[in-house]
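In what follows, a single structure is set out as structure tokens and then discussed.
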2 protein chains.
Amino acid sequence: MKQRNETMVNSTGRSDLPGWVVELALPRPSIEDNTADADRLSRAMEQEFDVNRVDIDLAWRRRLPGLMRTSQFRIRCLIFKERQCAVLIHAAAGNDPAVMAGLAVDLGTTRVVMRLLNLETRQTLAEDAFDNPQVAIGPDVLARIHHAEEAEGPAKLQRLIIDGVNRHLEALCRSCSLVPEQIHLFCVAGNTAMSHLFAGLPVRWMIREPYIPAVNRFGLLRAADLGLCASESARVFIFPNVGSYFGGDLISGILATGMHRNSETAILVDVGTNAEVVLGNREWLMACAGAAGPALEGGMSRMGTAAAPGVIDRVRIDPVTRAIEVQTIDHLPPVGICGSGVIDLAAHLFLSGMVDIRGKFKPEACGEHLVEVNGVAHLTIVSEDASGSGEALRISQADVDSLMRSKAAMYTILETITGTMGLALEELETFYVAGTFGSLIDPRSAITIGMIPDLPMDRFRSMGNTSLAGAVAVLSRRDLTMEIDAIRDRITYLELNVNQEFMNRFSAAKFLPHTHKERFPSVGP
Amino acid sequence: MKQRNETMVNSTGRSDLPGWVVELALPRPSIEDNTADADRLSRAMEQEFDVNRVDIDLAWRRRLPGLMRTSQFRIRCLIFKERQCAVLIHAAAGNDPAVMAGLAVDLGTTRVVMRLLNLETRQTLAEDAFDNPQVAIGPDVLARIHHAEEAEGPAKLQRLIIDGVNRHLEALCRSCSLVPEQIHLFCVAGNTAMSHLFAGLPVRWMIREPYIPAVNRFGLLRAADLGLCASESARVFIFPNVGSYFGGDLISGILATGMHRNSETAILVDVGTNAEVVLGNREWLMACAGAAGPALEGGMSRMGTAAAPGVIDRVRIDPVTRAIEVQTIDHLPPVGICGSGVIDLAAHLFLSGMVDIRGKFKPEACGEHLVEVNGVAHLTIVSEDASGSGEALRISQADVDSLMRSKAAMYTILETITGTMGLALEELETFYVAGTFGSLIDPRSAITIGMIPDLPMDRFRSMGNTSLAGAVAVLSRRDLTMEIDAIRDRITYLELNVNQEFMNRFSAAKFLPHTHKERFPSVGP
């Protein structure tokens, strides 16, 4: 379950499939074959990339005649193909040893992850992550969109994220003895709002009915137009979005799983404050998203936190002694608990009989673990002595209630989307779990609390950061941009209609594991 | 013969064929039709222009959401289609009265002519001409190419022409109360070298075997990248060239005549220091060029000059009295003689028996007109008293010899290109004469000296500045860019092989009207 999926690029980082850097040996001009230099290269590009349109910018057309002759008409070109157009991004003499680098960016609302690649070998050169500097303006998408409605808002938000990327890409480059001018191609996957703010596009109509983004397809932008530190002709591919609520990060995720290529139906779940779900196969794709609340990302209480050193990510309760055993990231003394720890905890509290099927603490079973703090029942997970902070780590009944709502929302969304397509949850052949957080979840625990359906373990595949993986894949393989268009065009977005039926399903899912216990045959205390 | 051809755009300047400015009434977004703003416009553009690719730059994608809503989704767009791609150049609210202007440029080596158009009404707003400022670097193409080989040469040459265009377009705009920011589209027709220098492209390999230009198709460049004063998103269409020796000015000329659309075979002749000739019909086009010498452009002697006020452009000799009658431009006292005057003069000298069939002055017939200056025979055309300069205007035997070579070269080129296609000169249904100079020539005189074939007068059509006319047509009608590609792809360039056969023809053509007098049945003294 913890294995990173590597279908896109094999383990050496080198794919057998052609990439974006090609060495072209052009026929030398002669009286008989006297087409112009740029047109000579265009002809070769059209053949190599099977396109009917080639875009070579003026700066390159000025340089090509000299370069072609000093390199004996053997040139290494970085070319990107978008739809039926091949764009020359960079060219160098065939024997020029300079690395041509690309940067994959997972543009998260909270966290940004970047991976620097050698575009020729497809090897990872360096990787880095940092908090999205726009957090200073607002923690969530909505707050930032509201800020963007002020006069200088969009420019300021764009400046923040671009500066952040520039700062970290410089550090990345330094770490592997490159300079930013060697970055020629960016691939960026983010949700619709983050992608818009990155490109300096207006977002105000995204949050107003009928929720219209400025752009669905960003196409290939110029890095210089966005203020990115890179080579003069560097380009930026931003994953397209389907609408305001289905962003490029999810399209990148679908691409990373390959579910759009398979005949069997799979589901992809990106677990976070929003549960984003895609169901489908090579024939069709259906997507929806719904609020799952903050509980799953560990943001539910004072001690809840994102995954970080010293944070509890695994919990086990001895069914006999009811002793709570925790595991922390980097094995440091515990200072908090993240979402996967909370799911483990809830599962084990249920299995050990310490909560009832409504998720309520059972005082007789919890015993001395249960304390009252400010008149509210709390369960002690780590005592003062064992804690890294000197304070006991506790979870309140309200925290567990919050988790119950989140897990119920998640299950209801999964049930609704599969039901809409006339499928039963058991029919799902593969269950992809995406997102950094998702990859930490123990699916056994998630099943136990009824958050995800009771499928055999071998159907679950943890994909890690699929948004980044898809962006890396686009930098590595030249056949994927067509697939992105195909994915985008094939997606049907299901508006989750929170009607009486949805609420009935939600209520039924607010039990451990579920009102209909028969749906979870593998779960039992 | 003097009538300007107006097949491209009718006399009001308004064509019934669609132009580049369209008013698009976009469907308003709704929950059911919630595609993004830029994609909504793209969809409308794809339909209107029948393309599979749309290019809307980032600056416009930033502005569109606001513009679409303030204009109630009714916008006037300036769109240019190049091959299968429609590019949004400018957009305004449907009721915005600002003129969208375009500038057609005939980029001559010696002279630049510009016409400012209203792109919506297709009406001419203003026109101007000025000497190509690159003349300061070198009078001809070769001198400028040599200069461009110096380090700062290309930049300097580009700066000169761009500054010249900017200076004059500002004046043009002022003259009709516009500002340069209202110019959104340029269409430029020039020979290969002038087009390259305009775009700042290297030219050094154009003059070295195998004579390779940097670019054949320039595509749609950004005015800002060239330093042109215009709107921020303005684009520049430069006519493509076939090779170093067949430039966009000639493709523009072919377009202006429409010869590429007709079933009958026509010939287009641009008379100048180089004779440039295109032969063909809607099935095929064959082109060639050859040196004709300076005589035809009036640059052969001290008194020879380009057309200007006071310059003799028509000459008649009374067959009985042998009195020479001249007509000058603007009816001012004569100060020089231009090419058309020289051709008239030579024809009438022949018809009146004052020169023999080799073009040599016959002293007995010339009488007192003939004087010796510095030991060389000269014929007085205008006496000191009648001259505007106080000096007699005279033509030397060497000048007439020079004209004889030029006219023989022209005829030989025409004979060779038609012969290559297995045609006789008499089979030419239409004989287009292009160029400002060409339009001044009296075809009767040109036939009399055997410079052009002895066709019925109604087959000659004087086209004026076809290079400018083609550029104006491209700004006016949206169906021509495809035709330009078709013309370019259909042209076969005939290398004039100056072999024994060519030299034999040339020698035979060095008589008045020709060694084979039977080819000129209409000519007789």
Using the crude model of +1 on Lys and Arg Cβ and -1 on Asp and Glu Cβ, and no other charge, please compute the dipole size for chain B relative to its Cα centre, in debye to 20. 720 debye
How much of the accessible area of segment A:325-447, in percent, comes from carbon and sulfur atoms when a 1.4 Å probe is used? 51 percent
Using θ = phi - 60° and the Karplus form 6.51 cos²θ - 1.76 cosθ + 1.60, what ³J(HN,Hα) does each residue of segment A:401-415 get, whole Hz, x for Gly and Pro? 4, 4, 4, 4, 5, 5, 5, 5, 4, 4, 4, 5, 4, 5, 5
Rounded to the nearest 20 debye, what is the charge dipole size of the protein assembly as shown about its Cα centre when +1 sits on each Lys and Arg Cβ and -1 on each Asp and Glu Cβ? 40 debye
Over segment A:296-410, what is the relative contact order in percent, taking alpha-carbon pairs closer than 8 angstrom and at least six residues apart? 23 percent
I'd like the carbon and sulfur percentage of the solvent accessible area for segment A:207-290, probe radius 1.4 Å, heavy atoms only, ligands and nucleic acids excluded. 40 percent
So the label point sits 7 Å from Cα along the Cα-to-Cβ vector; using that for A:GLU518, what distances do you get to the other copies, in nanometres, sorted shortest first? 11.1
Using a 7 Å offset from Cα along the direction of the beta-carbon, what are the separations from A:ASP485 to the same position in each other copy, nm, ascending? 1.6
Determine the dipole magnitude for segment B:98-217: charges of +1 sit on the beta-carbon of Lys and Arg, -1 on that of Asp and Glu, nothing else is charged, the reference point is the Cα centre, and the result goes in debye to the nearest 20. 140 debye
Taking every residue of A:207-216, the Cβ atoms of other protein chains inside 10 Å of its Cβ average out to 6
Within segment B:36-134, report the GluC sites (Glu not before Pro) that DSSP leaves as loop and that have at most 16 other Cβ atoms within 10 Å. none
Taking just the alpha carbons, could you work out the radius of gyration and Dmax for segment A:212-268, both in angstroms? 14.7, 45
Using Cα pairs closer than 8 Å and at least 6 residues apart in sequence, work out the relative contact order for chain A, in percent. 15 percent
Could you tell me which chymotrypsin sites (Phe, Trp or Tyr not before Pro) in segment A:371-436 are loop residues by DSSP with no more than 14 other beta carbons within 10 angstrom of their beta carbon? none
Ascending list, in nanometres, of distances separating the A:GLY227 label from those of the other copies (7 Å, Cα toward Cβ): 2.8
Once phi for every residue in segment B:274-285 is put through the Karplus expression 6.51 cos²θ - 1.76 cosθ + 1.60 (θ = phi - 60°), the whole-Hz ³J(HN,Hα) values, with Gly and Pro written as x, are 9, 8, 10, 10, 10, 10, x, 7, 6, 8, 8, 9
If the cut-off is a Cα-Cα distance under 19 Å, which lysines reach A:LYS510, setting aside same-chain residues fewer than 8 apart in sequence? A:LYS360, A:LYS362, A:LYS407
Take the alpha-carbon positions of segment B:34-112, form their convex hull, and give its projected area averaged over all directions (one quarter of the hull surface) in nm². 7.0 nm²
Per residue accessible area of segment A:350-415, 1.4 Å probe, in Å²: 42 Å²
Pop the C-beta distance of A:GLU181 and A:ARG83 into the FRET formula with R0 = 35 Å and round what comes out to the nearest 0.05. 0.80
On the first, second and third principal axes, largest extent first, how far apart are the outermost C-alpha atoms of segment B:66-161 in Å? 56, 28, 24
Which residues' amide hydrogens lie under 5 Å from the amide hydrogen of A:ALA392, considering only partners 5 or more residues apart or on another chain, with H built in the peptide plane? A:GLU384
Run the 1.4 Å probe and let me know the accessible area of B:PHE502, rounded to the nearest 10 Å². 20 Å²
Quote the accessible area belonging to B:HIS331 in square angstrom, nearest 10, computed with a 1.4 Å probe and with ligands, DNA and RNA left uncounted. 150 Å²
Using label points projected 7 Å from each Cα along Cα→Cβ, tell me how many nm separate A:VAL135 and B:ALA308, to one decimal. 7.5 nm
Per-residue [θ]222 nm for chain A (sum of -39500 (n - 2.57) over DSSP H runs n ≥ 4, rounded to 500): -9000 deg cm²/dmol
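The values are calculated or read from the model by the stated rules, or taken from the named source; none is laboratory data. As the structure is a prediction and not an experimental result, all values here were calculated from the model. When we count neighbours, we look across all protein chains shown, and the Cβ atoms used for this are built from the backbone with ideal geometry, even at glycine. Quick note on the areas: whole protein, heavy atoms, side chains included, nothing else; ligands and nucleic acids left out. Shrake-Rupley method; radii C 1.70, N 1.55, O 1.52, S 1.80 Å.
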